[in-house]
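Worksheet: one structure, shown below.
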Amino acid sequence: MATIKRIGVLTSGGDAPGMNAAIRAVVRASVYHGIDVTGIRRGYAGLINKDFWEMTSRDVGNIIQRGGTILRTARCDEFMTDEGKDKAYNNLLEGNIDALVVIGGDGTFRGARAFAERHNFPIVGVPGTIDNDLYGTDMTIGFDTALNTIVEAIDKIRDTASSHDRMFFVEVMGRDAGFIALRSAIGCGAEDVMVPEVETNFDELCSVLIDSVQKTKNSGVVIVAEGDDAGGAYDIAAEVKKRIPDFDFRVTILGHIQRGGAPSAYDRYLASQLGVAAVSALMDDQRSVMVGLVNRQTVLVPFNQTIKHHKDIDRKMLEMLYILNT
Ligand code: F6P
């Protein structure tokens, strides 16, 4: 067992609902084990600028239900340079920090791996991103809340769609991955979904839309992941309009409302579980690993694996969407 006297914790990359619950879990598990905690504000930028906060159990009271991150977050290019990493390392030494918990997504873990390789520093990652695109975990913190937000918004859009006999193209987040798009499409009964993982075929899309009109569905919703190969929702709607000029189309971009808001019960639970597991992993001498959840059990996945492997969408769910549209 490693003797860790002080753990540093930070959030990095896009904020995700449940990050606060994860910070709370890291702080309280550390305190429980007699370990001091330093909060690092604004991710890796805070490591470089020594923006440190001595945290106690009381500092994380009343935050489990809050969206965003009390530690703030940032994307930091300087940390990718050797000079940036060296500054960060000196600050960690000066702050008597023996190990780090980093909460974020793919970019966060890439930064952590590069830092750990240069300075041989113990780091454990907690997956926090609404995208759910990290290999080695079934779920990331924030995904469930984002889906609930999206489904609630689309239910409202559907009221207008059916009142006006309109088709809506709704763009959701997911620059590189279609997990949000696919799950929300099923959750709100969309007619079709466009994801980055599947090449967009306008003939097929138009035939789905025409078919749905022939079934006397006079309105509908198509979900578009922002990173679709054919462009965003505006581009796709414009192309469909050229092919089916009679349809009445509208476009809605949900944008950053998908990232904020109170975390769902599921995300609070997941964040608590993974935060506590991250502290235990450091105490067990684990380093350069992400704590993930597979089949409801916590697992440790080396950064190398989670960064190298691509997590694919479940393509059977695409077929399921069409079955459900019959
Ligand atoms: O990684 C989370 C995410 O929400 C992506 O889905 C999205 O493409 C990106 O962040 C948006 O980032 P920003 O807030 O910097 O615009």
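The values are calculated or read from the model by the stated rules, or taken from the named source; none is laboratory data. Model, not experiment: these values are computed from the prediction. Please note: Cβ atoms are built from the backbone with ideal geometry, for glycine as well, and neighbour counts cover all protein chains shown. Only protein heavy atoms, including side chains, enter the accessible area calculation; ligands, DNA and RNA are left aside. Shrake-Rupley method; radii C 1.70, N 1.55, O 1.52, S 1.80 Å.
Values for this structure:
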read-out: Hits in segment 56-84 (condition: farther than 25 Å from H256 by Cα and touching a Leu at 6+ places or on another chain (Cβ under 9 Å)); value: F79, G84
read-out: Candidates D98, D133, D165 - the one that is closer than 27 Å to A262 by Cα and not aliphatic (A, V, I, L, M); value: D133
read-out: Options L282, L293, L274; residue that is touching a Ser or Thr at 6+ places or on another chain (Cβ under 8 Å) and either of a type outside the set (A, V, I, L, M, F, W, C) or part of a helix (DSSP H, G or I) (or both); value: L274
read-out: Qualifying residue in segment 262-269 (condition: open to solvent by 70 Å² or more (accessible area, probe 1.4 Å), within 22 Å of V170 (Cα to Cα) and away from the ligand (no atom under 16 Å from the Cβ)); value: no
read-out: Restricting segment 232-250 to residues that are open to solvent by 50 Å² or more (accessible area, probe 1.4 Å) and in a helix (DSSP H, G or I), the residue that is farthest from D165 (Cα to Cα); value: D235
read-out: Members of segment 198-219 that are in a helix (DSSP H, G or I) and hydrophobic (A, V, I, L, M, F, W, C); value: F202, L205, C206, V208, L209, I210, V213
read-out: Hits in segment 207-219 (condition: modelled with pLDDT of 90 or more and open to solvent by less than 10 Å² (accessible area, probe 1.4 Å)); value: L209
read-out: Complete set of residues in segment 1-40 that are within 16 Å of the ligand (Cβ to nearest atom) and either farther than 18 Å from G95 by Cβ or assigned to a helix (DSSP H, G or I) (or both); value: G13, G14, D15, A16, P17, G18, M19, A22
read-out: Hits in segment 68-113 - residues which are assigned to a loop (DSSP other than H, G, I, E, B), more than 14 Å from the ligand (Cβ to nearest atom) and within 20 Å of the chain's Cα centre (by Cα); value: I70, L71
read-out: Which numbered condition D82 fails, given (1) in contact with an Asp or Glu (Cβ under 8 Å, 6 or more places away or on another chain); (2) more than 17 Å from I4 (Cβ to Cβ); (3) surrounded by fewer than 24 Cβ atoms within 10 Å (Cβ to Cβ); value: (1)
read-out: Per-region count, segment 177-202, residues more than 16 Å from the ligand (Cβ to nearest atom) and open to solvent by 30 Å² or more (accessible area, probe 1.4 Å); value: 7
read-out: Exclusive hit being open to solvent by less than 60 Å² (accessible area, probe 1.4 Å), farther than 25 Å from S264 by Cβ, touching a residue at least 60 places away in the same chain (Cβ under 8 Å) and among the aliphatic types (A, V, I, L, M), set I64, I35; value: I35
read-out: Condition check for G174: within 16 Å of the ligand (Cβ to nearest atom) and either buried (at least 18 other Cβ atoms within 10 Å of the Cβ) or closer than 24 Å to I307 by Cα (or both); value: yes
